[in-house]
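Worksheet for the structure shown next.
The values are calculated or read from the model by the stated rules, or taken from the named source; none is laboratory data. Everything numeric here is computed off the predicted structure, so don't read it as measured data. Backbone-built Cβ (ideal geometry, glycine too); neighbour counts: all protein chains shown. Accessible surface areas use protein heavy atoms only, side chains included; no ligands, DNA or RNA. Shrake-Rupley method; radii C 1.70, N 1.55, O 1.52, S 1.80 Å.
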Amino acid sequence: TAQENRDILARSNADILGRLASIEMHLSDSDRRLAAAEMKIESLTSDVADFRNRLDDQQNRAQRNNVRILGFPEGVEQGNPTQFLGETLPALLKLPEGTELSIERAHRSLAPSPVPGQRPRPFIVKLLHFSVKELLLKSVRGHWTGRDTESCFFPDLSKALQDHRRLFLLVKKILCEKEVKYGLFYPATLWITYRGE
């Protein structure tokens, strides 16, 4: 009968409306959960970035007295890099008489030994005193040439900080071409001196 059909239709509509209301409630609940998860992810991402920056800062502070020396041929240290560098560097860099380098330890970088024709691995030198590190870097001003090899001396910085400082390469090249004085200071601050200012 028509009444029965209307009743069936009404029950069916009520069932559909109930299901829609349930779906809307679940969607609303899912939206709240998703928003909370997104906020948590954003917070965790910020925390991870902060921890990464702190870790990088700690690594650089731990390496504060380290110098990285490139260019010495493999094996020249004859198994004792600390003694070799302690005896060789003062004479090669013409350091003041009686300068004590106070090398705590020195070693080649942990990369695999190079095959003939490849660049030698750098020395990583840990000095006991920051002032000695500064003296070495000022003595060479980036590089020293002699003994049929070119050696370069650099602060031993973390990879993240090296990458950050590398962003200045193009600017530094332009400044050199224009003969503008500049300095790159720790951690990654470019200081430009132009017309005395």
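Too long at a 26 Å Cα-Cα cut-off: which of K126/K181; K94/K173; K133/K181; K126/K178; K126/K173; K138/K173? Please report the intermediate quantities before stating the final value.
On the way: K126/K181 30 Å; K94/K173 29 Å; K133/K181 23 Å; K126/K178 36 Å; K126/K173 30 Å; K138/K173 20 Å.
Table pairs above 26 Å Cα-Cα are K126/K181; K94/K173; K126/K178; K126/K173.
Kindly identify the range 64-156 as rounded, prolate or oblate by the Cα gyration tensor criterion: order the square roots of the eigenvalues as a ≥ b ≥ c, call it rounded if a/c is under 1.5, otherwise compare a/b with b/c, prolate if a/b is larger, else oblate.
prolate
Considering only protein heavy atoms and a 1.4 Å probe, what is the carbon-and-sulfur percentage of the accessible area of the chain?
Numbers: 8180 of 14510 Å².
The nonpolar share, carbon plus sulfur, comes to 56 percent.
Going by average Cβ density within 10 Å per residue, which order do the peptides 19-28, 53-62 take, highest to lowest?
Details: 19-28: 10.0, 53-62: 12.9.
With the highest mean Cβ count within 10 Å placed first, the list reads 53-62, 19-28.
Can you show me the helix-derived [θ] at 222 nm for the chain, built from DSSP H runs with n ≥ 4 at -39,500 (n - 2.57) apiece and divided by the number of residues, rounded to the nearest 500.
Details: 5 runs with 101 residues, N = 197.
So the calculated ellipticity at 222 nm is -17500 deg cm²/dmol.
So what is the relative contact order of the chain, in percent, for Cα pairs below 8 Å that sit 6 or more residues apart?
Working: 177 pairs, mean separation 39.7, N = 197.
Once divided by the residue count of the chain, the mean separation gives 20 percent.
Hey, in the GNM for the chain with a 10 angstrom Cα cutoff, which one of P187, P116, P90 fluctuates hardest?
P116
Among (i) 18.4, 57; (ii) 17.4, 49; (iii) 32.2, 117, which is the computed Rg and Dmax of the Cα atoms in Å?
Comparing each candidate, only (iii) matches the computed number.
What's the magnitude of the charge dipole for the chain around its Cα centre, counting Lys and Arg as +1 and Asp and Glu as -1 at the beta-carbon? Answer in Debye, nearest 20.
Numbers: 29 positive and 26 negative charges, 142 e Å.
Computed about the Cα centre, the dipole is about 680 debye.
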